[in-house]
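Below you'll find the structure, written out as structure tokens, and then a few comments.
A short reminder: the numbers here are calculations on the coordinates, not readings from a lab. Owing to the predicted nature of the structure, the values given are computational and were not obtained by experimental measurement. Quick reminder, even Gly has a Cβ in these numbers, built from the backbone with ideal geometry, and neighbours come from all protein chains shown.
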Amino acid sequence: NNTPFRKKANGQKSRSGSVRFSVEPGNLMNKSTYKYSGIANSKTIDISPSSDNRATLTIKTKKAGNSGKKGTAAIALNKDFRRVENTIKTQATDNYYRPDLKREALAKYSAVYRSNRIAKGVKKGVPVKKGRA
């Protein structure tokens, strides 16, 4: 039950509603479950922001079991939103790679895209609620 990738939020005990998160590479939803695990599955999808405020789609290759970190293929997602959506669908889900993660991959890209637009200054962030004033 112990792993360096596990993070726990909201609560100290298992009954108090704690959520187990995972920060392993290849884990699309950052949930500590077998379905989303980047280590346990032979085929994984990961969408992460890059340093130049763009996104990267990372997919495990066939020889990933022998080569470790080098066994991934990184695809730069730097077109407009509609074309990137199509790229995610064709590379990760429509070719029978991981069709069960289609919805999660598009949701993750939407979040990364939104944060990159705020970082570039194209869009303003959501204002913080201050309660009663």
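Please say if the chain is rounded, prolate or oblate, where rounded means a/c under 1.5 for a ≥ b ≥ c the square roots of the C-alpha gyration tensor eigenvalues, and otherwise the choice is prolate for a/b larger than b/c and oblate otherwise?
Oblate shape, in that a/c is at least 1.5 and b/c is the bigger or equal ratio.
Where Lys and Arg each count +1 and Asp and Glu each count -1, what net charge lies around LEU28 among other residues with Cβ under 11 Å from its Cβ?
Result for the neighbourhood of LEU28: +2.
Sorted by packing (mean other beta-carbon atoms within 10 Å per residue), highest first, where do 19-27, 117-125 land?
Per-residue Cβ counts within 10 Å, averaged per peptide and sorted highest first, yield 19-27, 117-125.
Under 16 Å Cα-Cα from LYS35, which lysines qualify once same-chain neighbours fewer than 8 residues away are excluded?
LYS43, LYS60, LYS102, LYS108
Using only DSSP helix segments of four residues or longer, with each worth -39500 (n - 2.57), what per-residue ellipticity at 222 nm results for the chain after dividing by its residue count and rounding to 500?
-7000 deg cm²/dmol
With charges only on Cβ, +1 for K and R and -1 for D and E, what is the dipole size of the chain about its Cα centre, in debye, rounded to 20?
520 debye
So how far apart, in nm, are the two label points at LYS63 and SER51 if each is 7 Å from Cα heading toward Cβ?
Placing both labels 7 Å along Cα→Cβ, they lie 2.7 nm apart.
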